[in-house]
Amino acid sequence: MTVKVAMFDKVSIADGEIQVMDGGIHGVQGHTLVIPPSGPTTWGRRLDGMQPNGKAGTGKLELTADEATQLRGWADGLWQLAPSGQASFDAPINNGPPRWVWAIVLRRGEEVRVLSGGAIVSPTGAPPPAKAVLEWLVSRVDTASASAP
C-alpha cells in the first residue's frame with residue numbers, strides 16, 4: 001500500500017510494518033527506519049547540510065528483543081494518536097517555518113495511520129510516545145551509520 005506523507009512524498013508500506021523518518025535543512029541530518037513485522041530492519045541516513053556530522057548510508061540491522069518489545073508498545077500508543085488515519089503535530093511557527101520534520105507510518109491490515117510534525121528543533125512538539133520513538137530513531141540510525149563500513 002502507498003500513502004502520501006507530508007514532507008516525505010509517497011511511502012510504500014507493507015502489512016505490519018512501521019516506518020519512522022525525520023529530516024531537515026541547514027545541517028539537520030535525516031534518518032529512516034523501516035521495521036517489518038519480522039526480519040531485519042532497514043536503516044538510512046541522509047545528509048542535507050553543507051557541514052554534516054556523521055556519514056550518510058543505508059543498511060540492515062537486527063533489533064534486540066528489548067527494542068522489539070518496546071517498539072511494539074510504542075506502536076500501540078502511536079496507533080491511538082491518529083484514530084481518523086492521520087494526525088499532525090506541527091509546532092507553532094512563531095519563529096519561522098520548521099527546520100526539522102518527521103513522520104511515523106504504521107499499517108495493520110488495510111488500515112494505515114500517519115503521524116507527522118515539524119518544529120525548529122527535534123523533537124519539539126512531538127507527543128508521547130512519538131517523541132520517544134523519534135529520539136530512538138536518531139540514536140539507533142546514528143549508531144548503525146557510525147559502525148557501517
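The values are calculated or read from the model by the stated rules, or taken from the named source; none is laboratory data. All figures in this text were calculated on a predicted structure; none of them were measured in a lab. No Cβ is skipped: glycine too gets one built from the backbone with ideal geometry, and neighbour counts run over all protein chains shown. All accessible areas refer to the heavy atoms of the entire protein, side chains included, with ligands and DNA or RNA removed. Shrake-Rupley method; radii C 1.70, N 1.55, O 1.52, S 1.80 Å.
Please identify the pairs in which a residue from segment 116-135 that is over 19 Å from Arg45 (Cα atoms) has its Cβ atom under 6 Å from the Cβ atom of a residue that is assigned to a loop (DSSP other than H, G, I, E, B) and charged (D, E, K, R), counting only partners at least 6 apart or on another chain.
Ile120/Arg99
For segment 55-66, give me each residue that is in contact (Cβ under 8 Å) with a residue 12 or more places away in the chain and either over 23 Å from Ala130 (Cβ atoms) or assigned to a helix (DSSP H, G or I) (or both).
Applying the first criterion (in contact (Cβ under 8 Å) with a residue 12 or more places away in the chain) to segment 55-66 yields 55-63.
Result: Lys55, Ala56, Gly57, Thr58, Gly59, Lys60, Glu62.
Report yes if Gly59 is surrounded by 12 or more Cβ atoms within 10 Å (Cβ to Cβ), at pLDDT 95 or above, small (Gly, Ala, Ser) and closer than 18 Å to Gln19 by Cβ, otherwise no. Give the steps one after another, and end with the answer.
On the way: surrounded by 12 or more Cβ atoms within 10 Å (Cβ to Cβ): yes; at pLDDT 95 or above: yes; small (Gly, Ala, Ser): yes; closer than 18 Å to Gln19 by Cβ: yes.
Answer is yes for this residue.
Only residues that are touching a strand residue (DSSP E or B) at 6+ places or on another chain (Cβ under 9 Å) and among the hydrophobic types (A, V, I, L, M, F, W, C): list them for segment 65-92, please.
Ala68, Leu71, Trp74, Ala75, Leu78, Trp79, Leu81, Ala82, Ala87, Phe89, Ala91
If you go through segment 75-87 one residue at a time, do you hit one that is modelled with pLDDT under 95 and open to solvent by less than 50 Å² (accessible area, probe 1.4 Å)?
no
Does Val133 satisfy the condition of being part of a helix (DSSP H, G or I) and crowded, with 22+ Cβ neighbours inside 10 Å?
Working: part of a helix (DSSP H, G or I): yes; crowded, with 22+ Cβ neighbours inside 10 Å: yes.
Judged against the criteria, Val133 is a match.
Could you list, in sequence order, the residues of segment 109-125 that are closer than 24 Å to Pro37 by Cα and either open to solvent by less than 50 Å² (accessible area, probe 1.4 Å) or touching a His at 6+ places or on another chain (Cβ under 7 Å) (or both)?
Gly109, Val112, Arg113, Val114, Leu115, Ser116
Yes or no: Ala6 out of contact with any Asp or Glu (no Cβ under 8 Å at 6 or more places or on another chain) and modelled with pLDDT under 95?
Values: out of contact with any Asp or Glu (no Cβ under 8 Å at 6 or more places or on another chain): yes; modelled with pLDDT under 95: yes.
Yes, satisfied.
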